[in-house]
Amino acid sequence: MTGRQLEQYRRQAKRTQQQAARDLGVSQTYLSLLENGKRPVNEGLETKAVRSFGLLPTELAAKLTHASVRPVSDDQLAADLAALGYEGFSHLRPSRSKNPADVLLSALNCSKRDARLVEALPWVVLEFPNMPWARMMRTAKAYDLQNRLGFVTNVARRVAELRGDMDTAQRLKRHELELEHSLLVREETLCNETMTNSERKWLAVNRSDEAQRWHLLTDLSPKFLSYYE
């Protein structure tokens, strides 16, 4: 977040510099320096600004670095999803807000996830379709996550269609097609690499056409998601 953006968000929230400075925990003089680009807006202030001005978490800078997409624990991921507003984990204490792109890739970059967490991932795509897709797809390819990301995007797109949200569905379809260009031939699971051989054989026969197209052994489908309506 730049100083100019910080000023823009403050004005949109109809806050004076004095009011905003108090909310952000800085002096009015320091806020003026920030807005004029004479001081950098650090991560802590960025997070406070998103919360104070009621901004979407997509306004946070997406890091998409090795550190930001490394696998996190299921507990941490649940807290990250709670911070994004996912109702399935609303009872949990949320973590510090992160850009949804970082949350999504760190979720996919794992060999084993609880099924409830996997079910939440299409919601992230559906709720925040304006994530930085170009950077996110480059990072996904660097970690061989394009099949998983592509399928999750496919599920989110089908949920959007069921809801009648065709604008979002068309946007996600474009990203889905871009990811399909780099489709990996190898078969894998959707964060469930510890499944038994019998489970793998059953899914190979009974998975959806979409899962087969993305070379994933999974039964994830819009009809099983609590938020598809």
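The values are calculated or read from the model by the stated rules, or taken from the named source; none is laboratory data. All figures in this text were calculated on a predicted structure; none of them were measured in a lab. Reconstructed Cβ throughout: ideal geometry from the backbone, glycine too, with neighbour counts over all protein chains shown. Heads up: the accessible areas ignore ligands, DNA and RNA and are worked out on the full protein's heavy atoms, side chains in. Shrake-Rupley method; radii C 1.70, N 1.55, O 1.52, S 1.80 Å.
Which of 111, 150, 19 sits farthest toward the positive end of the charge dipole of the chain, with +1 on the Cβ of Lys and Arg and -1 on the Cβ of Asp and Glu?
Farthest towards the positive end: 19.
For the stretch 14-62, which trypsin sites (Lys or Arg not before Pro) pass both filters: DSSP loop (anything but H, G, I, E, B) and at most 14 other C-beta atoms within 10 Å? Provide the component values of the computation, followed by the final result.
Numbers: sites: 14, 15, 22, 38, 48, 51; in loops: 14, 15, 38.
The qualifying sites are 14, 38.
Which of 166, 64, 42 sits closest to the plus end of the dipole of the chain, meaning its Cα is farthest towards the positive end, when Lys and Arg get +1 and Asp and Glu get -1 on the C-beta?
The one lying farthest along the dipole's positive direction is 42.
On a 0 to 90° scale, report how tilted helix 3-12 is relative to the longest principal axis of the chain, with both axes built from alpha carbons and the result rounded to the nearest 10.
90
Filter the cross-link list 14/48; 98/141; 63/223 down to pairs whose alpha-carbon distance in this structure exceeds 25 Å. Each step should come with its number before you reach the end.
Working: 14/48 16 Å; 98/141 21 Å; 63/223 33 Å.
Those over the limit are 63/223.
Using a Förster radius of 22 Å, what is the FRET efficiency between residue 161 and residue 219 based on their Cβ-Cβ separation? Nearest 0.05, please.
Details: r = 19 Å, r/R0 = 0.89.
For residue 161 and residue 219, the calculated efficiency is 0.65.
Between the stretch 190-229 and the stretch 1-36, how many Å separate their Cα centres?
Going from one Cα centre to the other spans 47 Å.
At 1.4 Å probe size, with every protein chain present, just tell me what the per residue accessible area of the stretch 125-173 comes to in Å². Walk me through the intermediate numbers first.
Values: 1930 Å² over 49 residues.
Heavy-atom SASA per residue in the stretch 125-173 reads 39 Å².
Out of every Cα pair in the stretch 90-229, what percent are spaced more than 23 Å from each other? The partial results should precede the final answer.
Numbers: 2924 of 9730 pairs.
The calculated P(r) of the stretch 90-229 puts 30 percent of pairs beyond 23 Å.
To the nearest 10 degrees, how steep is helix 146-163 against the longest Cα principal axis of the chain, on a 0 to 90 scale?
On a 0 to 90 degree scale, this one is about 80.
What do you get for trypsin sites (Lys or Arg not before Pro) in the stretch 63-131 restricted to DSSP loop and a cutoff of at most 14 other Cβ within 10 Å of the site's Cβ?
Numbers: sites: 63, 96, 98, 112, 113, 116; in loops: 63, 96, 98, 113.
Answer in residue order: 96.
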